[in-house]
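Working notes, structure below.
The values are calculated or read from the model by the stated rules, or taken from the named source; none is laboratory data. Bear in mind that the values here come from a model prediction, so they are computed numbers and not experimental data. With ideal geometry, Cβ positions are generated from the backbone for all residues, glycine too; neighbour counts draw on all protein chains shown. Protein only, heavy atoms only, side chains kept; ligands, DNA and RNA dropped before computing areas. Shrake-Rupley method; radii C 1.70, N 1.55, O 1.52, S 1.80 Å.
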Amino acid sequence: MQRLLTFCLVVCSCTAQVLLPYPLDTPGDGIPPEVYRGRRAQLLSAHTERSVILLLSADVRNRQNDVDYEYRQNSNLLYVTGCTEPRCALLLVPGGIRWHDSIVNEVFFIPPRDPEREVWSGVQMGPDEAERILQIRPTLAYASLPAVLDSVLAGKDTLYIASGLPTPSVLLPIWGTRIDVERLLRDSLQKRYPNLVVRTSLRTLAAMRQHKDTHEVRLLRRAIEITLDAFEATMRAARPGMNEYELEALMEYHFRRAGAEDVGYPSIVGSGYNSCILHYQKNRRTTQVGDLVLADCGAEYHGYTADITRTFPISGRFTPEQRALYLLVLEAQDSAIAAAQVGAPFRATHRAAESVIARGLMELGIISSPAEVRRYFMHGTSHYLGLDVHDAGTYGPLSDGTVITVEPGIYIPPGSPCPERWWNIGIRIEDDILVTERGPINLSARLARHPDAIEVLMQSR
Ligand code: GLY
Ligand code: MN
Ligand code: MN
């Protein structure tokens, strides 16, 4: 029935060969086109004249039949163009190519506007709109990309390609054979251009993205502010008997209401034993009196995501065991944040957090040697944060303008080899830290973190 209706409407729409007169409704991120141009110039200048760089948009992922998943641009392409549309590509040519009477170093590709498609999906960016809004000239029809590549790659030695594939490999059912799509793409390029070296790693781009400029810090701050407000509202409303998904719904309601377009990753809301599962996302359990709730959530605002975790007692008061472990994670986090200094090795935060937790768990009699700490604190302490929740970066020494998370935790699932009173306690505290020459700045500091402050917040209902 749905398919027939679709077919009818497609047939009818064929007669309406006019472009929609609506404005192109792309909410700006406030980053001027010259900032994107500067990023492209930086990328160009880091590559030799005999190389070419190709950045592809993320593919459109199909959910079922004619329904696709909501589209999210590939972060590398977004970073250098600001373009949020699917089916586009950017070609950067450090050696330059002739375009009419001038030499250009960049060409953007996007399909022309399509009246039939616009009936279904609204106004989309075509080459004219891309030139006007993104200010990338020339912008050509996407279909011309293979021919342009053929001519541009003659005489070059290296093609760098950022594939834009969100799932670089897929599992073929029945036999369980893994198909490496990214490799297939690289191999077919290699076959077509046998004299070229084809590289998929863009280390320069990772190094650029790990440093946040003022525009990025502004957008990150906004994503974080939205997330902090949502946490406060959710923690105030939390009551025993609520389902985890109700807490998730409240959190995401406040994200969307404040203008966030999406979540940066699926919200994690785990209560009781679910608090011990690091990336628990089902969120279906009903909370019970005495439970701890671990909520790890982040709003995405104009492509930038927050990544915040708070752990709170659903009944409004920590038990003595919960409080003892919470204070230990808090001390570990304070010590790790203090270690987030310019020039420190990337692992400095983890080393600081791990030694505090190892010592504390030994003092509480939960472990008997420091090496056992990994049983209850089994993940890293920091990752880069930006356009992606686990953002691009080089994992070298920390530098000014880098944003990282600091997120130590302790997770003691039922059946663990320690007294039962510690079971079902999972605690993570996660904040977003801007590393600067003047020391670390906690961008999420205003959200209650100390157990006393959390109890006060939860009682201010
Ligand atoms: N929210 C995922 C993480 O903290 O890494
Ligand atoms: Mn994180
Ligand atoms: Mn997180």
* **Percentage relative contact order, region 324-369, counting C-alpha pairs under 8 Å, at least six apart** => 36 percent
* Hey, what angle do you get for helix 214-237 against the long axis of the chain, alpha-carbon based, 0 to 90 degrees rounded to 10? -> 40 degrees
* **Ratio of Rg to Rh over region 418-461 (Cα coordinates, Kirkwood Rh, two decimals)** => 1.15
* Asked: Mind checking the dipole of region 130-230: about its Cα centre, +1 per Lys or Arg Cβ, -1 per Asp or Glu Cβ, Debye to the nearest 20?
  -> 140 debye
* Structure fact -> So for region 214-287, using the alpha carbon gyration tensor with a ≥ b ≥ c as root eigenvalues (a/c under 1.5 gives rounded; past that, a/b versus b/c decides prolate or oblate), I'd call it prolate
* Show me 63-70, 111-118 ranked by packing, highest mean number of other Cβ atoms within 10 Å first. => 111-118, 63-70
* Asked: Charges only on Cβ, +1 for Lys and Arg, -1 for Asp and Glu: so what's the dipole of region 311-376 about the Cα centre, in debye to the nearest 20?
  -> 120 debye
* Three-way shape label, region 74-220, alpha-carbon gyration tensor, a/c 1.5 -> rounded
* Asked: With every protein chain left in place, what is the accessible area per residue of region 248-293 in square angstrom, probe 1.4 Å?
  -> 49 Å²
* Can you list the residues, at least 5 places off or on another chain, whose amide H is less than 5 Å from the amide H of S444, using H built in the peptide plane? -> D432
* Full-extension gain in nm, R438 to R117, via 0.36 nm per residue minus C-alpha separation -> 110.4 nm
* **Rounded to the nearest 20 debye, dipole of the chain from Cβ charges on Lys, Arg, Asp, Glu** => 640 debye
* For region 271-310, with +1 on Lys and Arg beta carbons and -1 on Asp and Glu, the positive-most of I277, T309, Q288 along the dipole -> Q288
* Relative contact order for the chain using alpha-carbon pairs under 8 Å, separation at least 6, rounded to a whole percent? -> 13 percent
* region 321-461, accessible area per residue, ligands and nucleic acids excluded (1.4 Å, Å²) -> 38 Å²
* Take each of the peptides 88-95, 123-130, average the number of other beta-carbon atoms within 10 Å over its residues, and list them starting from the highest. => 88-95, 123-130
* **Evaluated over region 377-433, the Cα radius of gyration and Dmax, each in Å** => 15.2, 45
* Asked: Angle, helix 33-45 long axis vs. longest principal axis of the chain, Cα atoms, 0 to 90°, nearest 10?
  -> 80 degrees
* To do: Would you be so kind as to identify which of P111, I337, P417 lies farthest towards the positive end of the dipole of the chain, taking Lys and Arg as +1 and Asp and Glu as -1 on Cβ and the Cα centre as origin?
  => P417
* To do: Using only Cα atoms, find the angle between the long axis of helix 181-192 and the longest principal axis of the chain, and express it within 0 to 90 degrees, rounded to the nearest 10.
  => 30 degrees
* Structure fact -> Once normalised by the length of region 139-298, the mean sequence separation of its alpha carbon contacts under 8 Å that are 6 or more apart gives a contact order in percent of 17 percent
* **Gyration tensor (alpha-carbon) shape descriptor, region 157-316, a/c threshold 1.5** => oblate
* **Surface/4 of the Cα convex hull for the chain, nm²** => 26.7 nm²
* Taking K156 as the anchor, which lysines have their alpha carbon closer than 23 Å to its alpha carbon, excluding any fewer than eight residues away along the same chain? -> K191
* **Long-range tail of P(r) for region 117-186 (Cα pairs > 16 Å, %)** => 71 percent
* Asked: Amide H neighbours of I425 under 5 Å, counting only residues 5+ apart in sequence or on other chains, H built in-plane at 1.01 Å?
  -> I412
* Structure fact -> Residue-normalised 222 nm signal for the chain, counting each DSSP H run of n ≥ 4 as -39,500 (n - 2.57), nearest 500 deg cm²/dmol, is -10500 deg cm²/dmol
